[in-house]
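Here is the structure we will look at.
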Amino acid sequence: MYIETEKISLNESLVDLFNSNRSLLLRASTDHVNALRMQAIDQFKKIGIPTKKDENYKYYDLDPVFSRKYDVHFSRKKIDFNISDLFKCDIPELDTDLLILLNGWYYENGNHDDLMKQGVVMGSLALAAVEYPQLFEQHYGRYADIKSDGLVAFNTAFALDGIFIYVPDNVMLERPVQIINIVMDKVDSMVQHRNLIVLGKNSKASIVICDHSLSANQFLTNSVTEIVASENSSLDYTRVQNEHNGAAQISSTFIHQLADSRVSTNTISLHGGFIRNNLNVMLAGKGCENNMYGLSLSDKFQHVDNSTLIDHAMPNCTSNQKFKGVMDDMASGVFYGKIFVRKDAQHTHAYQGNNNILLTDDAKINTRPHLEIYADDVKCSHGATVGQLDENAMFYLQSRGIGSKEARLMLMTAFAHEIIDQIKVDPLKDRIYDLVNKRLRGELSRCNSCAMNCN
Amino acid sequence: MLKIRNLSASIDGKMILKGINLDVNAGEVHAIMGPNGSGKSTLAAVLTGRNLYEITEGQVTYLGKDLLTMAPEDRARAGIFLGFQYPIEIPGVSMANFMRTAVNEIRKFKGQQPMNASDFMKLIREKIALVEIDTKLINRSVNEGFSGGEKKKNEIFQMAMLEPMLSILDETDSGLDIDALKIVANGVNMLKRPDNASIVITHYQRLLDYIVPDFVHILYDGRIVKSAGKELAVELEAKGYDWIKNHDGDE
């Protein structure tokens, strides 16, 4: 009963936070955004932050993460930092079009003239709502269902800015777009940004998101990203999560695919105190392809929770999921994957796999692959494994003079290889390969706890 | 080089080796023969440091050092090589990366600098020719998708790369056709030097037509029951293992 009371007061205090800042929130946004905001807070009052009673959140209690005291900013706060310092701290430096999010706010960083000529829009979500109302309103809030998850409602009620990307019909971006999402402050903060990515028909883009914490404070990020892939468009979407042990990140991504579109996501969870990734895909047109890959490497008391939902609503679509995890020390992880094949989605091909290595007796994984099929002419399969490093392989490497530490590292890297190999941008693949190697060698955590003293 | 004294070992409480005595000197080739379950592979595994077995009695010294207290990788660095009966597939680790790591770890142990990329490739090309395997296999994952013959040739290739002092080849001939057997045997013979030695473990005499041993030992029920020159293999082939079983009973 005690926990129940506490829970109610947490949700109430979050609603109070909204009410006492309502005028600031409403003043900052367009009518369309605000109308959704008001619906969302009403919805949040009903469902609140998910608890372990929610099937989808049963393995991790969010209460401690939300009950900390955080500062919440309702307008942009000035933070001094130098863009060139970013790359000293294990963020891949690539030939990309760079967008920066600082504590959830778009950070002005030059323009993208050559892309603008092609009609591409990249920048602040808040600004896009004003400058491209028709395009914006056609999509914003359409895919992230506030009824499905209290965290989505919470974000929709509070979000003020984030990244907006629009790639017009028939435009293929040559360079990847890199979004560096930084949390950095002198006080513990809660950040709730919102991204919207719209790909026109026959367009193509590659997007890389690097999540990074650059000060030693405690952070909670609750972000929502909506992605629309129009007919015959193609998107590669890679996310590298690299935050410190005091950072909690909940990232909900809603992907809406129209006919013949191809979307591949790759979520690499390198480091973070608590990471929750919700990946929801709606295959809303015929002939879509969705590939969803994930790799999580965790140690100490870290927790990585991947929850996926692939909704096969239309026929002739293919989806392919593979998530892998390596858990060391007391780390824990969850894979909760669901494939939903609707009655009309004939000729669906769907696969879902989850493989885990536990390096210690105290490390833990809960894995729940799940299929729900209402069509009769489909090919679906799923599988999960949990194991240790292969003793025979270890001995084979050692018998050639390779030390046990190096041999373990080789086997862990090999395990991760299958996922990293799916990244289609070669320089990025190489950099992530390096980062994973560094992570497995234990060299990344030092950088993470450095509070920017990395040079 | 290698002195085995009264070596006994068990797995899950079951005694497999029951007091092995064996001396191997530089320049010698020893064949160990015996029926299935006699302890041949256990002996190879115990000598190379597989931790599945409990050593219950005895000593092994290698180049004057107590071998049984050394980690598997340290035994390899000191020059011991095991040719696996069933080579392990390691998806995601390329042969090139595997061999480069192994060669450089052994060089580091000897106080040498790591080998540069072009010298390393040269070494690979030189050694791979010895066993007649496709150089493309170097870019593949270790043993993954290799045929049975390729796996065994790959063992000899690794042996050639690492230039061990003492090679222990555990049923390298099993599952090989006669052409592959000749290639494997030829590789072993080419690597023979006055300062190194081999222990060739085999079930059949066939391999010994190509690798001529200086000594043949017959292992039965965890003991070496008979040792002689190469003629013993021929005698064993003619009389079969029942001869040994009965012979053992007589003693």
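What follows is calculated from the coordinates using simple rules that are stated; it is not laboratory data. As the structure is a prediction and not an experimental result, all values here were calculated from the model. Here the Cβ positions follow ideal geometry from the backbone for every residue, glycine too, while neighbour counts run over all protein chains shown.
May I ask you to derive the relative contact order of the stretch B:2-250, considering only C-alpha pairs under 8 Å and at least 6 residues apart, and to give it as an integer percent? Relative contact order, the stretch B:2-250: 28 percent. The equivalent ellipsoid that matches the C-alpha gyration tensor of chain A spans semi-axes of 31, 27, 24 angstrom, in descending order.
Rounded to the nearest 20 Debye, what is the dipole magnitude of the stretch B:2-250 about its Cα centre when Lys and Arg each give +1 and Asp and Glu each give -1 at the C-beta?
Details: 30 positive and 33 negative charges, 139 e Å.
I would put it at about 660 debye.
Would you please calculate the Kirkwood hydrodynamic radius of the stretch A:153-226 over all C-alpha pairs and express it in Å, rounded to one decimal? Walk me through the numbers before you get to the answer.
Working: mean 1/r = 0.0720 Å⁻¹.
When all Cα pairs of the stretch A:153-226 are included, the Kirkwood radius is 13.9 Å.
Per residue, what volume in Å³ does the convex hull of the Cα atoms of chain B enclose? Here the figure is 126 Å³ per residue.
Considering the stretch B:173-240 at the alpha-carbon level, its Rg and Dmax are found to be 12.6, 35 Å.
By DSSP, the beta bridges lying fully in the stretch B:2-250 are antiparallel in about 55 percent of cases. For A:LYS338, a cut-off of 23 angstrom between C-alpha atoms picks up these lysines, skipping any fewer than 8 places away in its own chain: A:LYS52, A:LYS53, A:LYS58, A:LYS147, A:LYS286, A:LYS322, A:LYS324, A:LYS364, A:LYS379.
What does the C-alpha gyration tensor say about the overall shape of the stretch A:94-133? Classify as rounded when a/c is under 1.5, otherwise prolate if a/b is larger than b/c, or oblate.
Numbers: a/c = 2.61, a/b = 1.04, b/c = 2.51.
It comes out oblate by the Cα gyration axes.
For chain A, what is the mean residue ellipticity at 222 nm derived from helices alone (per DSSP H run of n ≥ 4: -39500 (n - 2.57); sum divided by total residues; nearest 500 deg cm²/dmol)? Walk me through the numbers on the way to the answer.
Numbers: 13 runs with 125 residues, N = 455.
Calculated from helices alone, the mean residue ellipticity at 222 nm is -8000 deg cm²/dmol.
If you place +1 on the Cβ of every Lys and Arg and -1 on the Cβ of every Asp and Glu, how big does the dipole about the Cα centre of the stretch A:307-433 come out, in debye to the nearest 20? Please list the in-between numbers first.
On the way: 14 positive and 16 negative charges, 35 e Å.
Here the size comes out at about 160 debye.
For peptide B:157-165, compute the average count of partner chain beta-carbon atoms within 10 Å of each residue's beta-carbon.
On the way: counts 0, 3, 1, 0, 1, 2, 0, 1, 0.
So the per-residue partner count for this stretch is 1.
Within the straight-line cut-off of under 18 Å between alpha carbons, the lysines reachable from B:LYS153 are B:LYS127, B:LYS136, B:LYS182, B:LYS192, sequence neighbours fewer than 8 places apart in one chain being disregarded.
Treating r as the C-beta distance of B:LYS192 and A:GLU174 and R0 as 45 Å, the FRET efficiency rounds to 0.15.
Residues with beta-carbon under 9 Å from that of A:ALA248, excluding A:ALA248: net charge, scoring Lys, Arg +1 and Asp, Glu -1? For residues surrounding A:ALA248, the net value is +1. Note on the stretch A:181-198 and the stretch A:26-82: Cα centroid distance 12 Å, given to the nearest whole angstrom. Projecting the Cα atoms of B:GLY240, B:TYR53, B:VAL184 onto the charge dipole of the protein assembly as shown, computed from C-beta unit charges around the Cα centre, puts B:TYR53 farthest toward the positive end.
Expressed to the nearest 5 percent, the antiparallel share of DSSP beta bridges inside chain A is 5 percent.
Dipole orientation for the stretch A:285-400: of the candidates A:ASN291, A:MET327, A:SER399, A:ASN291 has the Cα lying most toward the positive pole (charges on Cβ; Lys, Arg +1; Asp, Glu -1).
Calculated FRET efficiency, A:SER404 to A:ASP63, Cβ-Cβ distance, R0 = 35 Å: about 0.30 to the nearest 0.05.
Assuming charge only on the beta carbon of Lys and Arg (+1) and of Asp and Glu (-1), the dipole of the protein assembly as shown about its Cα centre is about 600 debye to the nearest 20.
Applying 1/(1 + (r/R0)^6) with R0 = 25 Å to the Cβ-Cβ distance of B:LEU52 and B:ALA238 gives a FRET efficiency near 0.10.
Residue by residue, the stretch B:118-128 carries 3J(HN,Hα) couplings of 6, 4, 5, 5, 4, 4, 4, 4, 5, 7, 6 Hz when phi is fed to the Karplus relation 6.51 cos²θ - 1.76 cosθ + 1.60 (θ = phi - 60°); x denotes Gly or Pro.
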